[in-house]
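Q: One structure coming up, written as structure tokens, with questions to follow.
The values are calculated or read from the model by the stated rules, or taken from the named source; none is laboratory data. None of the values given here were measured: they were computed from a predicted structure. Cβ: placed from backbone, ideal geometry, glycine included. Neighbour counts: every protein chain shown.
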């Protein structure tokens, strides 16, 4: 961890990159996140829908975790994926 002065400087630089047009995300919200999946030369756009179970970090390092239950017959599979709020593309 850096000093308080270093942290303040980093926060000031990050403020330039923060976006105000993004919706607020809180645990308990149901979200649909669209993501690109690259497979060799092919790129596919797909979505992952579920309940937000945690939001961590701050600034441009903020992430959220989404839980999805995929039911197959009588058994269900849990999927947890973490996404960055400020990711590329």
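Q: Kindly indicate whether residue 58 is exposed (fewer than 11 other Cβ atoms within 10 Å of the Cβ) and touching a helix residue (DSSP H, G or I) at 6+ places or on another chain (Cβ under 9 Å).
A: yes
Q: Does region 62-78 hold any residues that are surrounded by fewer than 12 Cβ atoms within 10 Å (Cβ to Cβ) and either in contact (Cβ under 8 Å) with a residue 24 or more places away in the chain or at negative phi (or both), and which are they?
A: 69, 70, 71, 72, 74, 75, 76, 77, 78
Q: On the basis of being at pLDDT below 85 and part of a strand (DSSP E or B), does residue 50 make the cut? Walk me through it before giving the result.
A: On the way: at pLDDT below 85: no; part of a strand (DSSP E or B): yes.
So residue 50 fails the test.
Q: Looking at region 1-14, I want the residues that are assigned to a helix (DSSP H, G or I) and have a partner that is modelled with pLDDT under 85 and surrounded by 10 or more Cβ atoms within 10 Å (Cβ to Cβ) with Cβ atoms under 6 Å, at least 6 apart or on another chain. Which pairs are those?
A: 14/59; 14/60
Q: Taking region 22-44 only, how many residues are in contact (Cβ under 8 Å) with a residue 12 or more places away in the chain, assigned to a loop (DSSP other than H, G, I, E, B) and either surrounded by 10 or more Cβ atoms within 10 Å (Cβ to Cβ) or at negative phi (or both)?
A: Number satisfying all stated conditions: 5.
Q: Moving on to the next point. Just the residues that are touching a helix residue (DSSP H, G or I) at 6+ places or on another chain (Cβ under 6 Å) and surrounded by 10 or more Cβ atoms within 10 Å (Cβ to Cβ), please, taken from region 10-21.
A: The one that is touching a helix residue (DSSP H, G or I) at 6+ places or on another chain (Cβ under 6 Å) and surrounded by 10 or more Cβ atoms within 10 Å (Cβ to Cβ): 14.
Q: Tell me, yes or no, whether region 47-55 has at least one residue that is surrounded by 10 or more Cβ atoms within 10 Å (Cβ to Cβ) and closer than 14 Å to residue 87 by Cβ. Write out each step before concluding.
A: Start the filter on region 47-55 by keeping residues that are surrounded by 10 or more Cβ atoms within 10 Å (Cβ to Cβ), which leaves 48-55.
Imposing the further condition that a residue be closer than 14 Å to residue 87 by Cβ reduces the set to 48.
Yes, that holds for at least one residue.
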